[in-house]
1. For Arg271, all conditions in the list (1) over 30 Å from Ile402 (Cβ atoms); (2) open to solvent by 50 Å² or more (accessible area, probe 1.4 Å); (3) outside any helix (DSSP H, G or I) hold save one; what is the number of the exception?
2. Here is a list of conditions, (1) in a strand (DSSP E or B); (2) open to solvent by 50 Å² or more (accessible area, probe 1.4 Å), and Glu206 meets all of them except one; can you say which number that is?
3. Take the conditions closer than 12 Å to Thr262 by Cα, touching a residue at least 12 places away in the same chain (Cβ under 8 Å) and buried (at least 22 other Cβ atoms within 10 Å of the Cβ) and apply them to Gly180. Does it pass?
4. I need the full set of residues from the range 341-379 which are assigned to a strand (DSSP E or B) and within 28 Å of Gln331 (Cβ to Cβ), in order please.
5. Yes or no: Ala311 in a helix (DSSP H, G or I), within 60 Å of the chain's Cα centre (by Cα) and modelled with pLDDT under 90?
6. Under 6 Å between Cβ atoms, which residue pairs at least 6 apart in sequence (or on different chains) link something in the range 356-378 that is among the hydroxyl-bearing types (Ser, Thr, Tyr) with a partner that is surrounded by 12 or more Cβ atoms within 10 Å (Cβ to Cβ) and in a strand (DSSP E or B)?
7. For the range 187-200, how many residues meet the condition of being open to solvent by less than 20 Å² (accessible area, probe 1.4 Å) and not in a helix (DSSP H, G or I)?
8. When only residues in the range 113-132 that are at pLDDT below 85 and open to solvent by less than 40 Å² (accessible area, probe 1.4 Å) count, which is nearest to the chain's Cα centre (by Cα)?
Amino acid sequence: MSAGETAEEDLRALFGQSIAAFASLVGPTHVVETANPAFFATIGEERARTGVPVAELMPELAGQGFVALLDEVYRTGEPYTGRDARIVLGAGPHAREAFFDFTYEPRRDASGTVTGIRVIGVETTQVKHAQRLMVEHRAMLEQIARQAPLAEVLDGMARCIEKLAPEQVLVSVLLADPDGRHLRHGAAPSLPEFYNQAIDGIATGEGVGSCGTAAHRREPVIVTDIATDPFWDDFRDLAERAGLAACWSMPVLARDGSLLGTFAMYHRTPRVPQDTDLALARVFADTAALAIERHHVEQAKTAAEARAKAAHEELAKAVRAERQLRAEAEQRAAAAAELADRMRVAAAAQAARPHPEHCQLGGAQGCTAPAKIKIADSWGDAAWGCEAHVEEAILNVRSVFIASEELGGLAVYLNR
């Protein structure tokens, strides 16, 4: 065994059980000569075979630049190191985004000629996603803490997830009516407006799409292919018009378990969620719950403050009305006292004058009370009455006054 072969064996032994992905490629077409379990776990156990070019084993690499880099290292003999390189592994519904720190190291024979390339990679996807998630999540929590409007928080959250998700995703948040029987539009910045309008107000119930069912069950509902799933029978044409092929929905629940709404992730192609997708959905469903509950608390606080303000205003109005009534009562009492004084004075002054025996102000029923005071009006009419009927006349007939001989009345005018 040559020194080169011995070194290769040592590398295989070294990386055999490592979590770092290792593969040894040979020839200008980069045939996979050997690879450790971590490499095959990364690309998918169903593709765990050797003796084929890496481009054939992983056709999704076409157009991503990695095969071109292998060609460059093989041609120049210069190693290449990448940091946090983004790669899409797999295709179709099972495709996933990943990030790697990796090295392409040329293999040489005894004469120094490049015969292949060793690939060593460490996946940094979780770290990358966690870093991005922490930054965005902190920003949203700050929004909630400063009591930003709910629509603004939910819209920002939807856009954040659409940016963080490894594949194109369209996010929707629906809000539950107070009775929990219907879902209303909350946020969906990337879904067509006609779609948002069509599902605004949908009922919660078994088989009512992904969101209606998730709200009804209080558990996640994963529909990987809308075209064939029975939950979407009533909405399939609508989804097709909107270009939607998959929908994963999670209920948004309050701390007491009551329904606040749903959080959904739509895809343009049929797609199976990865663990990272579900973790992301759970994090933001919880964040949405926090925002919605905070909004409900603020709404309740505002409503309570409004009721308290209205009650205070009503109390102030009642106090003002009571004061006014008291003032008016005092004015009436003063006026009545003044009138009573005037009537006593007039009765005393008129007592010696000739006058009818009985009150003339009793109307059709008559009045047998003694006549004591003479009253007159501006038309020259006069009559004698008892104190009760005189007071009633003065209070109810504006033109009536206690008669005074000094006024003279019409006679004075005629004899001028």
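The values are calculated or read from the model by the stated rules, or taken from the named source; none is laboratory data. From a predicted model like this one, the values you see are computed outputs, not experimental measurements. Positions of Cβ are backbone-derived with ideal geometry, glycine not excepted, and every protein chain shown enters the neighbour counts. Just so you know, the surface numbers come from the protein's heavy atoms only, side chains and all, with ligands and any DNA or RNA stripped out. Shrake-Rupley method; radii C 1.70, N 1.55, O 1.52, S 1.80 Å.
1. Every listed condition holds for Arg271 apart from (2).
2. Here Glu206 meets the rest and fails (1).
3. So Gly180 does not fit the description; no.
4. Those that are assigned to a strand (DSSP E or B) and within 28 Å of Gln331 (Cβ to Cβ): Ile373, Lys374, Ile375, Ala376, Asp377.
5. Considered against the rule, which asks whether it is in a helix (DSSP H, G or I), within 60 Å of the chain's Cα centre (by Cα) and modelled with pLDDT under 90, Ala311 comes out as yes.
6. Thr368/His358
7. Residues that pass the stated criteria total 3.
8. Top of the filtered list is His129.
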